Protein chains: 2
Amino acid sequence: MVATIKDVAKRAGLSQATVSRALNKSGYVSQETLARVEQAAAELGYQPNWMARGLHGKSSNLIGLLVPEVMSLYDNSVIQYMTEKLHAHNYGLMLCIHNERADLDLKYLQLLHEKRVAGIIYTHPLNGDNSELVHQLAEHLPIIELNRRREAGLLDAVLADNIQGARQITRYLLGLGHRRIALIMGEDELTTGQNRLHGYQLALTEAGLPADRRLIRIGSFSRQHGEAAMHDLLDEDVAPTAILAGSNRILMGVLKTLTARNIHIPVDLSVAAFNDTEWLQIWNPPITTVDIAVEEMAHWAVDLLLKRISVPDVKPTPREYLLGTSLIIRESCRAV
Amino acid sequence: MVATIKDVAKRAGLSQATVSRALNKSGYVSQETLARVEQAAAELGYQPNWMARGLHGKSSNLIGLLVPEVMSLYDNSVIQYMTEKLHAHNYGLMLCIHNERADLDLKYLQLLHEKRVAGIIYTHPLNGDNSELVHQLAEHLPIIELNRRREAGLLDAVLADNIQGARQITRYLLGLGHRRIALIMGEDELTTGQNRLHGYQLALTEAGLPADRRLIRIGSFSRQHGEAAMHDLLDEDVAPTAILAGSNRILMGVLKTLTARNIHIPVDLSVAAFNDTEWLQIWNPPITTVDIAVEEMAHWAVDLLLKRISVPDVKPTPREYLLGTSLIIRESCRAV
DNA sequence: CAAAATTATGGAAACATTTTCATAGAGTCC
DNA sequence: GGACTCTATGAAAATGTTTCCATAATTTTG
């Protein structure tokens, strides 16, 4: 049988209340009493029961992380960082993966609510929209939007500066002499896609180039879309000289098509991507990409969430962190 | 304010007890009452409070998943499946990532213990060994070894049949006419590496071939080892005609080296791997590999754990599930 | 030196459930 | 037709904490 606070109290010859205060360093407790409590607790190997603890304040010591998948952006480093940081603050991390599906997302939102998590770090699914529920929940508990957003200024958010990133890499390609740069992008409803498109167009405009409709392929952030769009682009009268793949998944499709058509990077075509993965370094040739510091993203998200939890504010002014992007130049783009 | 069972009871004109029974489908409840309860619950948007629920039985409704990383084997599908299944049984999943480090692993083991998790699904870290603590913990709560094991027969385990898998793919290469098949493998302390080596040797022996020491490169499951070992093998007097990369990380290193040396797969060299990832399909040429059904692995692990939790047995006979492997033939190996 | 503030502790309520016990009507058995 | 069993429900206990309220002792303030 595991020791409860009652057992500690009995052993120390004190009341539960005092033991609780001593252990939590809340109210007044004398030095001597504190020592007695600590010794008794140690002797009994007492560990507070997490559930009973959470029962009172009505939030558990859990925070929910609801994301589309555990790869690319949400890979080891992000999740690892979050786990570690949260554990250090005595929070557990409850991971849910909605797999871009709104129905699963909904289920998990409810679940996290039921589990009375203290807060949620949330990435919208691509297919479907539960933001109504999200905003509703946000009235009771802090929610941080991570990496994606549907509407600006409503919730706290930690985002990549996608406008800047897209502009940066498009400029780079323009600098190499490319004039027909195609953009294969995913869903348009989210700021991610919108902003990347925006940054791309911005760079073109700055260079005095018109945005050619046929070079912009908006579909989904999927391998299928990347594959099909790439085929399509190659079948155009005037094929592009550079491709900007809007995500890792899209990139996979692009690469698949190029292999199938026996088109070589970068001699026949330059390719650049968004976000970095180890496989992009391994690829022959290594792929140039725009990346963000994911650890930093994780850091801000957790930090902000913990702050919101510790200083409850009924209607806080939404904060927004915009993460700078960095261009990782490899060998997949050549000058023309 | 969130609705409690009390509110539901009041609205339905019943007692808390009846509502509880109705919602949990435990004791006797009439059809009519059940309907009333469900309607009231729906109207109030009632969600049971998880912690009050867990307070009763002495274990939290959490189970711990302690794994090295969230990629390759432990990717979306595995974690997604586990989350879903566990949630369906009213358990939460607490994810911890030890990143192959024994010190982190230790920390998380203690943490999971403190949090009174009802059980742990556990994958040993490669660097270092906490199995003593693991066995100690296993006396109090069910622990399932996942995918890796240090010693047979002590704990419940869900493992891939690595002997069979390695044998299968080695046979395949032998069938293509290869006689000099190199194996680049990781740590030897875990059954994973041991068994894959064993299966490899088994297939060679069956074919009446001697196991050439110089073709076996045991190091770590890392990209670095793959890279170095591949270089080394190519510098041998008689270079191998086929490479068996012991993990995805090792494979990355192998591919990197081959690119650097301008060696083409499969014309110059055949390459096969263990475990499947989307990038293996994308690679040019797509890489042949031995894979296991990860969903099945997740399924057995969760199933077994839930069984152990529901039927507590002080000293259960350890169960072992061995998952069959399947050979996924792509285009990275050619007949010689 | 009296009043007020601070320090220290215990008793009991509160948290939201589940579970046990009690009660009682309705069938069923012999 | 009495003894049982089955069905259905409610009251209350139990779970392990934290927090609120009360009570004193001690210290500070005016």
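The values are calculated or read from the model by the stated rules, or taken from the named source; none is laboratory data. Computed from a predicted structure; not experimentally measured. We place every Cβ from the backbone using ideal geometry, glycine too, and count neighbours over all the protein chains shown. Accessible surface areas use protein heavy atoms only, side chains included; no ligands, DNA or RNA. Shrake-Rupley method; radii C 1.70, N 1.55, O 1.52, S 1.80 Å.
Structure values in brief
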{"quantity": "Solvent-accessible area per residue, Å², over segment B:149-279 with all protein chains present [probe radius 1.4 Å]", "calculated": "38 Å²"}
{"quantity": "Cα gyration tensor shape of the protein assembly as shown, rounded if a/c is under 1.5, else prolate or oblate by comparing a/b with b/c", "calculated": "oblate"}
{"quantity": "Protection-proxy order for peptides A:267-274, B:104-111, each taking the mean of Cβ atoms within 10 Å per residue, highest first", "calculated": "A:267-274, B:104-111"}
{"quantity": "Distances in nm from A:Asn127 to the matching label points in the other copies, shortest first (labels 7 Å along Cα to Cβ)", "calculated": "4.0"}
{"quantity": "Chain A shape via C-alpha gyration tensor axes, a/c threshold 1.5", "calculated": "prolate"}
{"quantity": "Lys/Arg +1, Asp/Glu -1 at C-beta; chain A dipole; positive extreme among A:Gly324, A:Ile169, A:Leu104", "calculated": "A:Leu104"}
{"quantity": "Residue-by-residue Karplus 3J(HN,Hα) for segment B:249-262, coefficients 6.51, -1.76, 1.60, Hz, glycine and proline x", "calculated": "5, 4, 4, 3, x, 4, 4, 4, 5, 4, 4, 4, 8, 6"}
{"quantity": "Helix-only [θ]222 nm of chain A, DSSP H runs n ≥ 4, -39500 (n - 2.57) each, per residue, nearest 500", "calculated": "-13500 deg cm²/dmol"}
{"quantity": "10 Å Cβ neighbours from other chains, averaged over peptide B:278-290", "calculated": "4"}
{"quantity": "Placed amide H near A:Ile216: partners under 5 Å, 5+ positions off or other chain", "calculated": "A:Leu183"}
{"quantity": "Candidate lysines - alpha carbon under 18 Å from A:Lys107, same-chain residues fewer than 8 apart omitted", "calculated": "A:Lys115, B:Lys85"}
{"quantity": "Between B and A, accessible area buried - total, square angstrom, nearest 100, 1.4 angstrom probe", "calculated": "5600 Å²"}
{"quantity": "Orientation-averaged projected area, Cα convex hull of segment B:164-292 (nm²)", "calculated": "7.1 nm²"}
{"quantity": "Pseudo-label separations to other copies for A:Leu327 - Cα-to-Cβ vector, 7 Å, nm", "calculated": "4.8"}
{"quantity": "Whole-Hz ³J(HN,Hα) from phi, Karplus 6.51 cos²θ - 1.76 cosθ + 1.60, for segment A:291-298, glycine and proline x", "calculated": "10, 10, 7, 5, 4, 5, 4, 4"}
{"quantity": "Cα-based helix-to-principal-axis angle, B:102-114 vs chain B, degrees rounded to 10", "calculated": "20 degrees"}
{"quantity": "Label geometry 7 Å along the beta-carbon vector: A:Asp268 inter-copy distances in nm", "calculated": "2.0"}
{"quantity": "Shielding by partners, peptide B:44-51 (average Cβ within 10 angstrom, other chains)", "calculated": "6"}
{"quantity": "Segment B:1-103 shape via C-alpha gyration tensor axes, a/c threshold 1.5", "calculated": "prolate"}
{"quantity": "Electrostatic dipole magnitude of segment A:57-336 [Cβ: Lys, Arg +1; Asp, Glu -1; Cα centre; debye, to 20]", "calculated": "140 debye"}
{"quantity": "Peptide A:112-120 - average C-beta neighbours from other chains (10 Å radius)", "calculated": "4"}
{"quantity": "Cα-centred dipole magnitude for segment A:269-325, charges only on beta-carbon of K, R (+1) and D, E (-1), debye, nearest 20", "calculated": "320 debye"}
{"quantity": "Within the accessible area of segment A:1-156 (1.4 Å probe), percent carbon and sulfur", "calculated": "50 percent"}
{"quantity": "A:His198 accessible area, assembled protein chains, probe 1.4 Å, Å²", "calculated": "80 Å²"}
{"quantity": "Segment A:41-173 - charge dipole about Cα centre, Lys and Arg +1 at Cβ, Asp and Glu -1, debye rounded to 20", "calculated": "140 debye"}
{"quantity": "Relative contact order of chain A, pairs being alpha-carbon contacts under 8 Å that are 6 or more residues apart, as %", "calculated": "16 percent"}
{"quantity": "Among A:135-142, A:21-28, B:112-119, A:215-222, the order from most to least packed when residues are scored by Cβ within 10 Å on average", "calculated": "B:112-119, A:215-222, A:135-142, A:21-28"}
{"quantity": "Sorted peptide list for A:257-264, B:152-159, criterion being average Cβ within 10 angstrom, highest first", "calculated": "B:152-159, A:257-264"}
{"quantity": "Surface accessible to a 1.4 Å probe, B:Met94 within the full protein complex, Å²", "calculated": "0 Å²"}
{"quantity": "GNM result for chain A, Cα springs below 10 Å: residue of A:Pro266, A:Pro48, A:Pro125 fluctuating most strongly", "calculated": "A:Pro48"}
